[in-house]
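Novice: I have a structure here, written as structure tokens, and I will follow up with some questions on it.
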Amino acid sequence: MALLIGALATGVVGCEDTTSGSPTAGSSTTAAQALFNPCTGIPDEALRAAGVDPATEEPGIAGVHQSGWEICNWDGPRYFITVFSTGRTVAEFERKPGNVDFQDVTVGGRPGRQFRVEGASKYFDCDVLFPAAQGVVQLKVLNRAGRDNLEDPCAILQRVGVSIVPALPH
């Protein structure tokens, strides 16, 4: 669980621009922006089809809301799925040090930008950003550490995206 929390925190906290302690003028995050809430916006049947249990739903990071974000996590027997919703842009994610290996992909029929986060968990997780009117919706798959025969998390993301991505806003 510590690996999960660390990986999630890296994805969120790392996207903050802390040059002045608040979003910069170039940030697309505004107080009035209504963000998609993945905890209420993704149907249980889509989660079950993706291989996670809707009853394991956990908002935020370790249950703590993150300002400027809506986040929801679900557990499955072999991996975790997290959906992040923010007013930030794909370009902001691409400029963040530590976000690497960006490439264009199509998941569930929708174009997105796949990337990985440098560090010990780089090959345990995979992220795809989907531009949306509000900013970005991010889908993350994180393998359960300590399991044998772990599948490539980007292959899992492609598979689970078929049920999750249609529920995400455009």
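Novice: Tell me whether segment 91-112 contains one or more residues that are under 24 Å from A145 (Cα atoms), free of Cβ contacts under 8 Å to residues at least 24 places away in the same chain and among the basic types (K, R).
Specialist: No: segment 91-112 contains no residue that is under 24 Å from A145 (Cα atoms), free of Cβ contacts under 8 Å to residues at least 24 places away in the same chain and among the basic types (K, R).
Novice: Counting just the residues of segment 140-170 that are polar (S, T, N, Q) and either in contact with a strand residue (DSSP E or B) (Cβ under 8 Å, 6 or more places away or on another chain) or free of Cβ contacts under 8 Å to residues at least 24 places away in the same chain (or both), which one comes out surrounded by the most Cβ atoms within 10 Å (Cβ to Cβ)? If you could, list the steps in order and put the result at the bottom.
Specialist: In the first step, residues of segment 140-170 are kept if they are polar (S, T, N, Q); the result is 143, 149, 158, 163.
Imposing the further condition that a residue be either in contact with a strand residue (DSSP E or B) (Cβ under 8 Å, 6 or more places away or on another chain) or free of Cβ contacts under 8 Å to residues at least 24 places away in the same chain (or both) reduces the set to 143, 149, 158.
Values: N143: 20, N149: 5, Q158: 18.
So, considering only residues that are polar (S, T, N, Q) and either in contact with a strand residue (DSSP E or B) (Cβ under 8 Å, 6 or more places away or on another chain) or free of Cβ contacts under 8 Å to residues at least 24 places away in the same chain (or both), the one surrounded by the most Cβ atoms within 10 Å (Cβ to Cβ) is N143.
Rundown of residues vs (1) closer than 15 Å to L139 by Cβ; (2) not basic (K, R), yes/no style:
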site	(1), (2)
T56	no, yes
G60	no, yes
V64	no, yes
C72	yes, yes
R78	no, no
T86	yes, yes
V90	yes, yes
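Novice: Now for a separate question. Tell me the residue from P97, P43, P59, P131 that is open to solvent by 40 Å² or more (accessible area, probe 1.4 Å), farther than 16 Å from I156 by Cβ and in contact with a Cys (Cβ under 6 Å, 6 or more places away or on another chain), please.
Specialist: Testing whether each residue is open to solvent by 40 Å² or more (accessible area, probe 1.4 Å), farther than 16 Å from I156 by Cβ and in contact with a Cys (Cβ under 6 Å, 6 or more places away or on another chain) leaves just P59.
Novice: Which numbered condition in (1) touching a Pro at 6+ places or on another chain (Cβ under 7 Å); (2) closer than 17 Å to S163 by Cα; (3) among the hydrophobic types (A, V, I, L, M, F, W, C) is the only one that L139 fails?
Specialist: Only one criterion is unmet by L139, namely (1).
Novice: Can you tell me which residue is surrounded by the fewest Cβ atoms within 10 Å (Cβ to Cβ) among those in segment 117-128 that are at pLDDT below 95 and within 15 Å of E94 (Cα to Cα)?
Specialist: E118
Novice: Failed condition for T82, given (1) closer than 19 Å to S121 by Cβ; (2) surrounded by fewer than 22 Cβ atoms within 10 Å (Cβ to Cβ); (3) among the polar types (S, T, N, Q), with all others met?
Specialist: T82 satisfies every listed condition except (2).
The values are calculated or read from the model by the stated rules, or taken from the named source; none is laboratory data. Just so it is clear, the structure is predicted and the values come from calculations on it, not from any experiment. Positions of Cβ are backbone-derived with ideal geometry, glycine not excepted, and every protein chain shown enters the neighbour counts. Heavy atoms of the whole protein, side chains included, go into the accessibility calculation; ligands, DNA and RNA do not. Shrake-Rupley method; radii C 1.70, N 1.55, O 1.52, S 1.80 Å.
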